[in-house]
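The values are calculated or read from the model by the stated rules, or taken from the named source; none is laboratory data. Not measured: the values here are computed from a predicted model. As a convention, Cβ positions derive from the backbone with ideal geometry for all residues, glycine included, and neighbour counts pool all protein chains shown. Remember, those area values only see protein heavy atoms, side chains included, never the ligands or the DNA or RNA. Shrake-Rupley method; radii C 1.70, N 1.55, O 1.52, S 1.80 Å.
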Amino acid sequence: MKKGWKLKPLAKVCQIRPPKKEARELLTGEDLVSFVPMDSLGIDEKYFKAEKTKALSKVSSSYTYFKEGDVLLAKITPCFENGKLGIAKDLINQIGFGSSEYIVYRAFKELNNEYLYYFLNQESFRIEGASKMTGAVGHKRIPKDFYENYKIPIPPLPEQKQIVSILDKAFAAIDKAKTNIEKNIQNAEELFQSKLNQIFSQKGEGWIKRDLGDLGVLTSSKRIYKKEYVTEGVPFYRSKEIKQLAHNKNVTLELFISEERYNEIKEKFGIPQKGDILLTAVGTIGEMYIVGEGEKFYFKDGNIMWLKQFEDLDSYYLKYALGNFVEQLKALARGSAYSALTIEKLKKYSIPVPSIQIQQKIVLELDDIKEQSLAIREKYTLKILNLEELKKSLLQKAFTGELTKDYAADTVTVAMAAELKASYNEN
């Protein structure tokens with residue numbers, strides 16, 4: 001630690017959870033105060049938005065009290081690990097109340113509240129706090145001993161303010177770079193969607209609209225009962241697994257049916273073959289997976305629709321066509337209780353059908369654009385991760401006394417270079 005700095009427990013430099021009587025002494029029960037539920041506390045947002053108000057009498061007994069300038073930290077999982085944290089600002093009557101899962105820090109004179117915010121925003125603080133959580137699964141909280149006795153380095157107040165100023169400028173540059181990078185990703189995705197829309201809206205000569213029910217077989221699987229699940233055997237997919245496969249994610253196998261049951265179904269009813277499409281039809285509508293060569297699995301009836309034996313359709317063309325009209329499919333599926341796409345409704349749904357040669361040409365064109373889009377996403381996602389690492393490095397140096405204006409300036413230069421490069425459309 002830097003010479004002249006002191007290391008002190010948070011409880012020695014902050015008032016933690018100030019008493020509610022302060023608010024009652026300043027206001028009447030009818031006076032309005034800001035109300036801040038957990039979803040209003042941001043992540044990587046120094047000042048949170050206090051958009052709701054309530055009468056003091058409605059909140060003073062059950063909720064956590066704080067005032068202008070206090071630092072709020074979520075103490076419950078997963079909000080703590082996610083970094084829900086912020087400084088109170090622009091509160092009605094300078095007073096607020098919020099979730100009982102908040103820890104409120106009120107900095108004493110020797111501690112700058114923005115310096116405290118940045119200190120609590122360190123990943124190292126969250127990792128250590130998460131390792132000490134106690135309580136039932138889903139309701140774990142960081143213990144009082146941790147959030148009161150965790151030690152914070154205290155430089156002289158002018159130096160704290162200088163550190164805050166350096167971090168503010170560097171983080172603003174990094175965030176600007178991230179915004180431009182994310183825009184570049186969005187542009188690539190919009191290019192693909194634009195091409196998809198263009199193909200299926202303009203169509204072409206000789207294209208014919210045909211009902212899906214006239215083009216192939218739309219069906220579901222043979223029902224499998226819970227008692228038929230086994231601990232190992234042939235994988236059994238639900239909508240969850242189909243969504244993962246549709247997005248090229250690794251599937252965590254959880255359910256299986258026996259080899260004997262699979263072979264029985266295969267013999268009597270058939271199993272998914274190469275080129276068949278599985279489409280989620282309940283809840284999340286329109287996620288699609290095309291079965292590959294030699295895949296061995298079975299799937300849940302009802303929630304997943306099985307499209308097969310489309311002799312005049314290329315499977316990948318059909319997937320692109322349905323993907324382009326997914327909003328219409330969702331509209332077909334809307335019901336009073338929940339969304340469910342039925343076989344009968346989908347059979348009557350029509351799509352434009354060109355010759356098989358044109359279908360295959362369209363697939364090649366869309367595959368190429370999609371591949372470019374995915375490559376851009378992967379490339380720029382890595383850039384965003386690198387910028388996040390820069391933030392961590394800055395915070396680490398800030399609280400060990402190594403953060404200098406020159407180092408921060410170099411970091412800003414790197415961030416701005418990334419921003420400028422991201423602004424160049426590589427499509």
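With a 1.4 Å probe and all protein chains left in place, how much of the accessible area of segment 289-339 comes from carbon and sulfur atoms, in whole percent?
Working: 1080 of 2450 Å².
So the carbon and sulfur contribution to the accessible surface is 44 percent.
Given the options Val33, Val234, Val353, which has the most mean-square fluctuation in a GNM of the chain, springs set between C-alpha atoms less than 10 angstrom apart?
Comparing Val33, Val234, Val353 in the GNM, the peak value goes to Val234.
Once phi is turned into θ = phi - 60°, what whole-Hz ³J(HN,Hα) does the Karplus curve with 6.51, -1.76 and 1.60 give for every residue of segment 365-373, x standing for Gly and Pro?
Rounded to whole hertz, the list is 5, 5, 4, 5, 5, 5, 4, 4, 4.
Of the peptides 154-161, 223-230, how do they stack up when ordered by the mean number of other Cβ atoms within 10 Å, highest first?
Ranking the peptides 154-161, 223-230 by packing returns 154-161, 223-230.
Name the most mobile residue of Gly302, Gly138, Gly129, meaning the one with the largest mean-square fluctuation, in a Gaussian network model of the chain with Cα contacts below 10 Å.
Checking each option, the largest mean-square fluctuation is seen for Gly138.
Just want to confirm a number: the relative contact order over segment 89-206, from Cα pairs under 8 angstrom separated by 6+ residues, in percent.
22
Can you tell me the accessible area per residue over the chain, all protein chains present, probe 1.4 angstrom, in square angstrom?
The answer is 53 Å² per residue.
Please give the Cα centre distance for segment 203-275 versus segment 279-357, rounded to the nearest Å.
So the separation of the two Cα centres works out to 12 Å.
Given a 1.4 Å probe and heavy atoms of the protein chains only, how would you sort Lys6, Lys203, largest accessible area at the top?
Highest to lowest solvent-accessible surface, that is Lys6, Lys203.
Please state the relative contact order of the chain as a whole percent: Cα pairs under 8 Å, 6+ residues apart?
Across the chain, relative contact order equals 17 percent.
Considering only Asn248, Asn184, Asn386, give the residue with the highest GNM mean-square fluctuation for the chain, with springs between Cα atoms whenever their separation is below 10 Å.
Among Asn248, Asn184, Asn386, the largest GNM mean-square fluctuation belongs to Asn248.
If you take the Cα Rg of the chain and divide it by 2.2 N^0.38 Å, with N the number of residues, what do you get?
Normalised Cα radius of gyration, the chain: 1.30.
Counting only C-alpha contacts under 8 Å and six or more residues apart, can you give the relative contact order of segment 1-106 as a whole percent?
35
Over the heavy atoms of Glu189, what accessible area does a 1.4 Å probe trace out, to the nearest 10 Å²?
Accessible area, nearest 10 Å²: 70 Å².
How much of the accessible area of segment 168-261, in percent, comes from carbon and sulfur atoms when a 1.4 Å probe is used?
Working: 2580 of 5630 Å².
Within segment 168-261, the accessible surface is 46 percent carbon and sulfur.
What value, in deg cm²/dmol to 500, does the helix sum -39500 (n - 2.57) over DSSP H runs of n ≥ 4 give at 222 nm once divided by the residues of the chain?
After summing the helix terms and dividing by the residues of the chain, the value is -14000 deg cm²/dmol.
By its C-alpha gyration tensor, with a ≥ b ≥ c as the square roots of the eigenvalues, how is segment 285-329 shaped: rounded for a/c under 1.5, else prolate for a/b larger than b/c, else oblate? Show your work: numbers first, answer last.
Values: a/c = 2.05, a/b = 1.20, b/c = 1.70.
It is oblate, given that a/c is not under 1.5 and a/b is not larger than b/c.
Hey, how many Å between the Cα centroid of segment 47-91 and the Cα centroid of segment 125-163?
Their Cα centres are 17 Å away from one another.
What are the ³J(HN,Hα) values, in whole Hz, obtained from phi via the Karplus relation 6.51 cos²θ - 1.76 cosθ + 1.60 with θ = phi - 60°, for each residue of segment 112-122 in sequence order, with x given for Gly and Pro?
Coupling constants for segment 112-122: 7, 5, 6, 4, 4, 4, 4, 4, 5, 8, 6 Hz.
When ranked by the protection proxy of mean other Cβ atoms within 10 Å per residue, highest first, what sequence do the peptides 372-383, 390-401 form?
Going from most to least packed, we get 390-401, 372-383.
Show the residues, 5+ positions off or on another chain, whose built amide H is closer than 5 Å to the amide H of Lys8.
Ile152, Ile154
For segment 87-140, with all protein chains present and a 1.4 Å probe, just round the carbon and sulfur fraction of the accessible area to a whole percent. Could you put the intermediate results ahead of the total?
Working: 1180 of 2380 Å².
Accessible surface attributable to carbon and sulfur in segment 87-140 totals 50 percent.
Between helix 315-324 and the chain, what is the angle of the helix's C-alpha long axis to the longest principal axis, kept within 0 to 90° and rounded to the nearest 10?
Value to nearest ten degrees: 50.
Roughly what angle does helix 157-202 make with the longest principal axis of the chain, taking Cα atoms, 0 to 90 degrees, to the nearest 10?
10
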